[in-house]
1. Compute, for segment 2-119, the length of the dipole vector about the Cα centre, with Cβ point charges of +1 (Lys, Arg) and -1 (Asp, Glu) only. Units Debye, rounded to 20.
2. For the chain, restrict the atom set to alpha-carbon positions and state the Rg and Dmax in Å.
3. Test of the criteria: in segment 147-221, which GluC sites (Glu not before Pro) are in a DSSP loop and have at most 15 other Cβ atoms within 10 angstrom of their Cβ?
4. Working from Cα positions, state the angle (0 to 90°, nearest 10) between the long axis of helix 59-68 and the longest principal axis of the chain.
5. Taking the Cα centre of segment 46-86 as the origin and placing charges on Cβ (Lys, Arg +1; Asp, Glu -1), which of Trp66, Gly53, Ser85 is farthest toward the positive end of the dipole?
6. Quantify, in whole percent, the carbon and sulfur part of the accessible surface of segment 1-109 (1.4 Å probe; protein heavy atoms only).
7. Out of Gln208, Gln92, Gln23, any idea which swings most in a Gaussian network model of the chain, alpha carbons joined below 10 Å?
8. Can you give me the accessible area per residue for the chain, using a 1.4 Å probe, in Å²?
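The values are calculated or read from the model by the stated rules, or taken from the named source; none is laboratory data. Quantities reported herein were computed from a predicted structural model and do not represent experimental measurements. For neighbour counting, all protein chains shown are included, and Cβ atoms are generated from backbone atoms with ideal geometry for every residue, glycine included. We work out accessible area using only protein heavy atoms, side chains counted, and drop any ligands, DNA or RNA first. Shrake-Rupley method; radii C 1.70, N 1.55, O 1.52, S 1.80 Å.
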Amino acid sequence: MRLLLVEDNVTLADELCASLKQQGYAVDWLTDGRDAVVQGATEPYDLVILDLGLPGMPGLDILRQWRKDGLSLAVLILTARSSWSERVDGLQAGADDYLCKPFHPDELLLRIRALLRRSHGHSNNSQLEVKGVRLDERRQTVLLPSGETELTAAEFALLRYFMLHPGQLLSKSQLQDHLYDGEAEPDSNVVEVHVSHLRRKLGRHCIQTRRGQGYRFIGLN
Ligand code: CA
């Protein structure tokens, strides 16, 4: 999943980028509201973490603009603890969730996980379970009838994306767009390599190939 973090506090942003990447998210970080309003509307993000007090353009105006343009991506706003009016305004402007500063990074991670699952029609259980495959997002392992199997960071990120889009035909470029940040330049066959590793761990039939079109997550049942 690829996230956009819009936050002008460099220390906080550094900390958040590090913990988000550790959880297998690709993250692009912007500090200026004018850049964010454009990039959020043009790049294929799965979720945006949006600070409200920003140079260039206030977070609330960015959010209103996106919703006015019909952009439906999930947005979590960061607000000041003391300001209930900010939270209300944020929700009214179309935010999906909010978090009050200061917060612990773990709380943000749990909210992001819940929001991404909800926006893909899944309940927020401790493990993500889709078509007989269970993914433990905290431990980054997969639970199969044969037992628990470890995943590399890249396999985990790919499997999570597949499991949030079960049965859908996903092209290689779509997968690359959602698994790598804007600065990464992944090899053209990198998705292919990780898919073949996942098949080895989950079983060949878990992921179908459609020649020239992409992949489809079928799962175990
Ligand atoms: Ca700020």
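1. Numbers: 13 positive and 18 negative charges, 86 e Å.
That gives segment 2-119 a dipole magnitude of about 420 debye.
2. 17.9, 55
3. Details: sites: Glu148, Glu150, Glu155, Glu183, Glu192; in loops: Glu183.
Counting only loop positions with at most 15 other Cβ atoms within 10 Å, the GluC sites (Glu not before Pro) in segment 147-221 are Glu183.
4. Taking the Cα atoms of the chain, the angle to 59-68 is about 60 degrees.
5. Looking along the dipole axis, the top candidate is Ser85.
6. Values: 2420 of 4810 Å².
Its accessible area is 50 percent carbon and sulfur atoms.
7. Gln92
8. On the way: 10740 Å² over 221 residues.
Result: 49 Å² per residue.
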